[in-house]
Structures are given as structure tokens and as C-alpha cells.
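Chemist: Quick one: the structure is below, and I'll ask about it shortly.
The values are calculated or read from the model by the stated rules, or taken from the named source; none is laboratory data. Since the structure is predicted, the reported quantities are computational estimates derived from the model, not experimental observations. For neighbour counting, all protein chains shown are included, and Cβ atoms are generated from backbone atoms with ideal geometry for every residue, glycine included. In case anyone asks, the SASA skips ligands and DNA or RNA and just uses the protein heavy atoms, side chains included. Shrake-Rupley method; radii C 1.70, N 1.55, O 1.52, S 1.80 Å.
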Amino acid sequence: MSWAVEEWKEGLSPRVLQKIHELESQVDKLKKERQQRQYQLETLEAALQKQKQKIENEKNESAILKRENQSLMELCDSLEKAKQKISHDLQVKESQVNIQSGQLNSSKKDIERLEQELKR
């Protein structure tokens, strides 16, 4: 079939045939270059899509981490308030123990005094 394609060139001058051959070579070269550029373009588009997906995944992960961080901060606040309440309760109870200890000592002294009076 290639002979039919070449048939139209019959009878042309060598100079014209040479120019046709150069143009055909240039067309082939340009076709190959176009294919290479198309492949590069497809490769770059795939890489771009991959980067976009990576960025989207990182955004999602960032949002998850922000929510987790917020939750942990709220938990820390809650624990700090609980710690303060327990600390306050402990101080109140220590004060009560000190008061009761003082009352106990006073009662012991009263008992000792009364025992001394009874012995007399």
C-alpha cells in the first residue's frame, strides 16, 4: 500500500523530492515530539492530581488534628478545674482536721484536768 502513497511523487524533480523528504522527516520528527510532549503533559497532570489529593488528605488530617487538639484542650481545662476543686476540698478538710485536732487536744487537757481533780 505504501507504493500507492508514493505514486504521486513520480515525475517530480530530485530537488522537489528532496524537499518533500525533508518535510516528511520534519513532520515525523514533530509527531514524535508532540507524542513526547503529550506524554509529559499526561505525566505532569497525573503528578498534579496526586499532589492535589495529597494536599486534600493533609487538609483533612489537619482538621482532624485541630478537632482533637480542641477536645484535648477542653479536657485539660476540665481536669484543671477538677484539680482546683479537689485542692480546695483538701484545704477545707485539712482545716477541719486541724480544728478537730485542736478540739481533741483541748478535750484531752480537760479530761486530764478533770482526772486530776477527781484524784484530789
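Chemist: Can you name every residue in the stretch 6-45 that is more than 60 Å from the chain's Cα centre (by Cα) and hydrophobic (A, V, I, L, M, F, W, C)?
Modeler: The answer is TRP8, LEU12, VAL16, LEU17, ILE20.
Chemist: Yes or no: the stretch 51-62 includes at least one residue that is of a type in the set (A, V, I, L, M), under 29 Å from the mean Cα position of the chain (by Cα) and surrounded by 10 or more Cβ atoms within 10 Å (Cβ to Cβ).
Modeler: Yes.
Chemist: Here is a further query. Being among the polar types (S, T, N, Q), without any contact (Cβ under 8 Å) to a residue 12 or more places away in the chain, within 30 Å of GLU6 (Cβ to Cβ) and open to solvent by less than 100 Å² (accessible area, probe 1.4 Å): is that true of GLN96 here?
Modeler: So GLN96 does not fit the description; no.
Chemist: Test ARG15 against the criterion of being surrounded by 10 or more Cβ atoms within 10 Å (Cβ to Cβ) and in a helix (DSSP H, G or I), and give yes or no.
Modeler: Here the answer is no, as ARG15 does not meet what is asked.
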